[in-house]
Amino acid sequence: MTEFFNSEIFTYLLLPLFIFLARIVDVSLGTLRIIFVTKGMRHIAPLVGFVEVLIWIIAISRIMQNLDNWLCYIAYAAGFATGNFVGMLIEEKLAIGHEMVRVITRRDATNLINELREKGYGVTSVKAEGIDGEVAVIYLIVRRSMIKEVLGIINKNNPRALYTVEAIKYVNRDIFHKSEEERQRGWLMSRMTKNGRR
């Protein structure tokens, strides 16, 4: 076993590969940990931090034992860069948390508001005064996983509208969107109520 760890295959191929992969994992976890902290997920962030640091200690200890191996340095730096990219991809796929969408439009926003409400989104709209006259300001708080659909509806109905998307750390409710099941339940209840009145 000692001969294997001292062999050139391990020193110049397997060890740098191990360090590269370890850095990808620990930097990806670091990216997620920061996001969990900003989202107030205080129970999961410390666990992720523990695993992150443990992997980092293992990787750096292997480098310290092989200071004359320049491939380990390259693997360490490459793993750090790749880990940042992978961490952002994972976070994007997880789409954790809620975001606020603010829409400012000069065009009549009735169709936009109606479609958003039909899709189950909670919409708050107010009239405001812009530089060129009256505008409509629309607010929505949605899960990050729903942002793509919301922006598609906005661009379809009011393509020239100005909108911003802002991250929200805390919200006092979990649901800001009526699911398909809830919409169907509401439709059935309304039908039963109408039939009962007849």
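Throughout, read-outs are computed from the coordinates displayed, never taken from laboratory work. Because the structure is a prediction, the values reported are computed rather than measured. Ideal geometry is used to build each Cβ from the backbone, glycine not excepted, and the neighbour counts take in all protein chains shown.
Kindly write out, for segment 140-153 in residue order, the coupling ³J(HN,Hα) from the Karplus curve 6.51 cos²θ - 1.76 cosθ + 1.60 (θ = phi - 60°), rounded to whole Hz, with x marking Gly and Pro.
Calculated HN-Hα couplings, in order: 9, 10, 9, 5, 4, 5, 9, 4, 4, 5, 4, 5, x, 5 Hz.
When a footprinting reagent is the concern and you count Cβ atoms within 10 Å, what order do Leu140, Leu32, Leu67 take, fewest first?
Lowest count first: Leu67, Leu32, Leu140.
Starting with the fewest neighbours, write out Arg33, Arg143, Arg42, Arg117 ranked by other beta-carbon atoms found within 10 Å of each beta-carbon. Intermediate results must be reported in sequence, preceding the final value.
Numbers: Arg33 22, Arg143 17, Arg42 9, Arg117 13.
Placing the least packed residue first, the sequence is Arg42, Arg117, Arg143, Arg33.
Assuming 1.002 mPa s and 20 °C, estimate D for segment 2-94 with Stokes-Einstein, Rh taken as the Kirkwood radius over Cα pairs, in µm²/s.
D = 154 µm²/s.
Under 5 Å between amide H atoms, partner at least 5 residues away or on a different chain: which partners does Ala109 have, H built in plane at 1.01 Å?
When sequence neighbours closer than 5 places are left aside, there are no close amide H contacts.
Starting at the first residue of segment 88-102, write each ³J(HN,Hα) from the Karplus equation 6.51 cos²θ - 1.76 cosθ + 1.60 with θ = phi - 60°, in whole Hz, x for Gly and Pro.
5, 5, 4, 4, 5, 5, 5, 6, 7, x, 10, 9, 9, 9, 10
Counting other beta carbons within 10 Å of each residue's own, what order do Asp108, Asp132 fall into, fewest first? Display every interim value, and only then the final one.
Numbers: Asp108 11, Asp132 7.
Starting with the residue having the fewest Cβ neighbours, the order is Asp132, Asp108.
Roughly how many debye, to the nearest 20, is the charge dipole of segment 2-94 about its Cα centre, given +1 on each Lys and Arg Cβ, -1 on each Asp and Glu Cβ, and no other charges? Don't jump to the answer; show the numbers that get you there.
Values: 6 positive and 7 negative charges, 89 e Å.
About 420 debye.
Please list 3J(HN,Hα) in residue order for segment 72-81, calculated via the Karplus relation 6.51 cos²θ - 1.76 cosθ + 1.60 where θ = phi - 60°; whole Hz, with x for glycine and proline.
Rounded to whole hertz, the list is 5, 5, 5, 5, 5, 5, 5, x, 4, 5.
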